[in-house]
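The next block holds one structure in the form of structure tokens; read it before the comments.
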Amino acid sequence: MCPRPDASAALRLWCLPFAGGGAAVWHPWAARLAGAAEIIGVRLPGRENRLSEAPFVRLMALIPLLVELIAPFAQEDYALCGHSLGGLMVFELARALRARGLRLPHALIISGVRAPHHPPELPLLHRLPQREFIAHVERRYGAIPAEIRDRPDFLDLLLPVLRADLEVYETYRYVPALPLDLPILALGGDRDANVSREQVLDWCGYTTGQFETAMIPGGHFFQQDSLIETTDRVRDFLARVVPVCAKPRHQLTFPARPTGRW
């Protein structure tokens, strides 16, 4: 989803959401980053208008499909961004693009997630019965708004994809490899009880390029609650790492998908 086409932007910023999130969560970034980045929110199976598709439950099964999505546009100026689970996704996506010999993004923006060598927090949520699952997710992340918790029909839509995404996160295991040769901006929330400042700083070991970090006011979803501070930090970072003479981009088009699958 491209909420605001921006041919004047320095690059295209491909964005992957947090667990249970959809492409629409990136919509507010489009206006805030106008001129700096054209926002592309990646819509994963199981949500929004892809409800008929089963969500993925293993990260490394999803990555090859993301590579195929990005590959046709890899010769144009682009960066990758992800929050929470999306941060792990863009990290592994960048490593897969490198393995394929494709042009790497100008930068990674990784938000609200601990560096990959840190194990997931216990207990593992994706195995819990529904009532315990809802209680633990709410306690740990505050991720289920009251208006959804009180509507069984809404819960029936949200919980399967949220549980699947948490299974993706909790079954992921980092496989050591050479650091990426590209700039990384690692962001964290200064009141995030799940991701510490040290765990955000540990992303410095995953790049041989420029590394920057910032702690933004807020909890786990600081990128939404502190939108202005977050996008200002992203804009400043991109201004430092994107070449001045960015190449023109082609119109964003994708192959047709089977009816009912998207």
Residues of region 143-170 satisfying the condition of being in a helix (DSSP H, G or I), without any contact (Cβ under 8 Å) to a residue 40 or more places away in the chain and charged (D, E, K, R): E147, R149, D153, D156, R163
Residue pairs meeting the criteria (Cβ under 8 Å; at least 6 apart or on separate chains; first of a type in the set (D, E, K, R), in region 127-142; second buried (at least 16 other Cβ atoms within 10 Å of the Cβ)): E138/I144; R140/L125; R140/N194
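Is region 240-251 home to any residue that is part of a helix (DSSP H, G or I) and either modelled with pLDDT under 95 or of a type in the set (D, E, K, R) (or both)?
Initial filter on region 240-251 (part of a helix (DSSP H, G or I)): 240-241.
From the residues that got through so far, the ones that are either modelled with pLDDT under 95 or of a type in the set (D, E, K, R) (or both) too are 240-241.
Within region 240-251, one or more residues are part of a helix (DSSP H, G or I) and either modelled with pLDDT under 95 or of a type in the set (D, E, K, R) (or both).
Just give me the residues in region 6-30 being more than 29 Å from N194 (Cα to Cα) and either at pLDDT 95 or above or hydrophobic (A, V, I, L, M, F, W, C) (or both), in sequence order.
A7, A9, A10, L11, R12
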Set A96, A71, A61: member being in contact with a helix residue (DSSP H, G or I) (Cβ under 6 Å, 6 or more places away or on another chain), surrounded by fewer than 19 Cβ atoms within 10 Å (Cβ to Cβ) and more than 25 Å from P217 (Cα to Cα): A96
Residue among A71, A94, A54, A61 that is part of a helix (DSSP H, G or I), more than 27 Å from A7 (Cα to Cα) and either modelled with pLDDT of 95 or more or out of contact with any Ser or Thr (no Cβ under 7 Å at 6 or more places or on another chain) (or both): A61
Selected residue [touching a Ser or Thr at 6+ places or on another chain (Cβ under 8 Å) and part of a loop (DSSP other than H, G, I, E, B)] from R114, R103, R173, R127: R114
Any chance V175 is crowded, with 18+ Cβ neighbours inside 10 Å, modelled with pLDDT of 95 or more and hydrophobic (A, V, I, L, M, F, W, C): no
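The values are calculated or read from the model by the stated rules, or taken from the named source; none is laboratory data. Here the structure is a predicted model, which is why all the values come from computation and not from measurement. In this analysis, Cβ positions are derived from the backbone assuming ideal geometry, glycine residues included, and neighbour counts consider all displayed protein chains.
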